[in-house]
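The values are calculated or read from the model by the stated rules, or taken from the named source; none is laboratory data. Being a predicted model, the structure only gives us computed values, none of them experimental. Cβ atoms come from the backbone with ideal geometry, glycine included; neighbour counts cover every protein chain shown. Side chains are part of the model used for accessible areas, which takes the heavy atoms of the whole protein and leaves out ligands, DNA and RNA. Shrake-Rupley method; radii C 1.70, N 1.55, O 1.52, S 1.80 Å.
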Amino acid sequence: MKSVINKMLFFILISMVVITSLLPFLWFVDTSLKSQIEITAIPPVIIPSGSLHFYYSAIIRYDLLHYLKNSVVVAGATTIITILLSIFAGYALARLRIRHKGLILGALLLVSMFPQISIAGPVWRILQSLGWLNSYQGLVIPYVTLTLPLGVWIMTTFFNELPRELEKAAMIDGCSHIQSLLKIMLPLSAPGVFTAAILVFIYAWNEFFFALLIMTNRQYQTLPVGIALFQGQYTLPWGEIAAASVVATLPLVLLVFVFQKRIVSGLSAGALKG
Amino acid sequence: MQLSLRSKERLFALGLLIPTFTFVLIFAFYPILYSVYLSLHRIIIGLPALGKTFVGLSNYRSLLRDPIALKALSNTFIFVAVSTFFEILLGLAIALLIHKRFRGRGIVRASILIPWAIPTVVSSQMWRYIFNDKYGLLNLILYGSDIARYKAWLAEPFYAFSAIIVADVWKTSSFAALLILAGLQVIPDELYDAARVDGATGWQQFTRITLPLIRPALLIALLFRTMDAFRVFDLVFVMTQGGPADSTNVLQFYGYKKIFAEGLMGYGSTVSVLVFLVTFLISLLYIRTLGRQFRRSEA
């Protein structure tokens with residue numbers, strides 16, 4: 001009897017956690033599928049008619065696909081550059097004999113912690129003097145800087161966990177460090193590379209603060225900036241905001257459901273194993 | 001021969017690290033120093049003809065007498081303390097729940113990760129809509145069709161501040177839960193078996209075994225959450241714009257306003273420096289505590 005009650009209690013608690021996690025977002029999905037009449041109803045209508053009107057309107061009137069393209073370009077470029085550099089740095093920190101490893105990793109950790117505002121003004125000035133405000137590289141550069149700590153930490157952790165014997169054997173066979181990195185370590189660390197790539201992509205896809213400062217021209221704005229600044233004539237265009245939000249979130253929901261295990265292991269590798 | 005091999009290795013390592021160093025030095029460390037430099041000057045973005053005038057510490061003196069800055073400072077501290085407290089508490093509860101083995105655990109974990117993965121701007125708009133006076137879900141749940149009682153939550157200081165905390169706790173408790181879960185998973189089952197043999201109750205097992213052993217994980221979760229809470233910006237920008245009457249104004253938002261909306265690059269930079277110093281000191285404190293923790297657990 002007691003175990004049945006325990007099981008029931010457990011089930012209720014788990015359901016509560018899951019519902020609380022999903023409900024707010026589902027409410028937005030629900031909103032995005034309403035018609036113009038349903039969305040202005042007070043009290044709110046719960047079951048929508050399933051109209052795609054707001055998706056259509058977000059694309060035609062609010063240029064949703066343009067924001068989407070910018071987000072793909074910026075997040076994609078950030079991920080590729082950060083991961084490449086993290087592989088290099090991670091290998092050096094995990095495998096090569098260099099001094100001050102702890103100091104380097106600690107300094108990187110510091111970078112990942114300080115608030116964006118403490119560097120925002122100067123970063124803006126540097127980009128302005130280079131003429132890179134409102135350009136893809138202007139946003140990718142700060143994103144690479146801010147995601148490198150995460151990437152380097154994850155790659156260092158993964159390289160550290162690979163057995164050293166393989167590499168030693170390769171070296172005895174006359175492999176150089178470069179060959180051993182490219183031919184032995186890299187293929188073996190593919191799961192680490194993948195985990196780091198997912199996390200970096202999510203960061204760059206979601207970032208708002210720097211995107212807001214650097215992309216003042218609509219032509220280069222990413223999805224978060226677009227969604228934050230959508231304006232209607234008299235009221236807020238909630239239907240279009242909800243539709244654009246669903247479009248911005250769906251890729252991440254897919255990533256989370258498919259790669260849940262990797263994300264969990266990556267987050268704890270970045271944070272705990274240092 | 002040995003020595004040249006060694007120096008070759010060093011050279012190779014340096015080559016691998018240089019790109020990372022370049023980015024981090026130019027776009028993270030140099031800007032910190034540059035912020036300090038800017039904070040000692042009067043610079044107005046919209047008026048480049050004025051140039052830079054060195055004003056010494058006068059920006060800092062103004063900052064200490066700026067009631068909105070002080071309000072933003074205290075708001076930030078309250079926000080950090082309250083949201084972090086609830087995030088760690090809920091994170092611990094969720095971690096304990098999903099630590100057990102059960103069917104469908106993968107799907108449950110993935111659902112819990114959704115709030116973490118959602119872009120902050122999206123979750124901010126979502127919560128702003130939930131708290132909306134006319135179309136909001138909260139009013140619907142509380143008052144049904146009695147629309148005369150519908151409240152404009154975000155227009156009242158206390159509720160607006162609470163709304164931002166709720167949105168933040170919703171989004172980030174799962175991250176805290178994951179970090180704590182990683183700590184739970186390294187506790188060997190034998191410890192619990194032994195305790196049970198000795199007749200320890202569930203509560204005793206929790207306070208005598210679980211809590212002490214996950215202390216490092218709790219501290220790390222606390223560190224990450226505190227530092228992240230100091231950065232709160234998106235929620236405030238989207239949900240309240242710092243209002244009503246600066247009741248939700250926070251440091252990062254205030255600094256942004258000063259530098260980029262009002263163009264006060266010099267004065268705004270004092271806020272940047274202040275935020276950096278505060279977070280730097282707190283992270284040092286945490287790291288020292290953590291270091292002591294680990295040394296104790298090794299001894």
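For the pair A:Arg99 and B:Leu277, a Förster radius of 30 Å applied to the C-beta separation gives a FRET efficiency near 0.55, rounded to the nearest 0.05. Enumerate the residues in the stretch A:7-21 having an amide nitrogen under 14 Å from the point lying 7 Å beyond the Cα of B:Phe102 toward its Cβ. Answer for the stretch A:7-21: A:7-20. Scanning chain B for trypsin sites (Lys or Arg not before Pro) in DSSP loops with at most 15 neighbouring Cβ atoms within 10 Å leaves B:152-299 as the longest stretch between them. The charge dipole of the protein assembly as shown, taken about the Cα centre with unit charges on the Cβ atoms of Lys, Arg (+1) and Asp, Glu (-1), comes to about 1120 debye, rounded to the nearest 20. An ellipsoid equivalent to chain B, defined through the eigenvalues of its Cα gyration tensor, has semi-axes of 38, 34, 18 Å when rounded to whole angstrom and sorted largest first. By the rule of a C-alpha distance below 23 Å, with chain neighbours fewer than 8 residues away ignored, the lysines paired with B:Lys71 are B:Lys257, B:Lys258.
Note: relative contact order over chain B, using C-alpha pairs below 8 Å and six or more positions apart, is 28 percent. Each residue of the stretch B:129-135 was assigned a 3J(HN,Hα) from its phi angle through the Karplus curve 6.51 cos²θ - 1.76 cosθ + 1.60 (θ = phi - 60°); the sequence is 6, 4, 8, 4, 5, 9, 9 Hz, with glycine and proline shown as x.
Reducing the stretch A:38-114 and the stretch A:128-187 to their Cα centroids gives an inter-centroid distance of 19 Å. From its DSSP helices (H runs of at least four residues, each -39,500 (n - 2.57)), chain A gives a residue-normalised ellipticity at 222 nm of -25000 deg cm²/dmol. Helical runs assigned H by DSSP (4 residues or longer) give chain B a calculated mean residue ellipticity at 222 nm of -22500 deg cm²/dmol, each run adding -39500 (n - 2.57) before division by the residue total. Membrane-span-like helices in chain A (whole DSSP H runs, Cα extent of at least 30 Å along the helix axis, mean Kyte-Doolittle hydropathy of at least -0.5): A:2-32, A:64-95, A:136-161, A:238-272. Springs between Cα atoms under 10 Å define the GNM used for chain B, and in it the highest mean-square fluctuation of B:Pro188, B:Pro19, B:Pro244 occurs at B:Pro19. Taking every protein chain into account, the 1.4 Å probe leaves A:Ile60 with about 110 Å² of accessible area, to the nearest ten.
The accessible-area ordering, largest first, of the residues A:Trp124, A:Trp205 stands as A:Trp124, A:Trp205, per a 1.4 angstrom probe. Rolling a 1.4 Å probe over the protein chains gives B:Val238 an accessible area of about 10 Å². Using a simple spin-label model with pseudo-atoms 7 Å out from Cα toward Cβ, B:Phe158 and A:His66 lie 4.5 nm apart.
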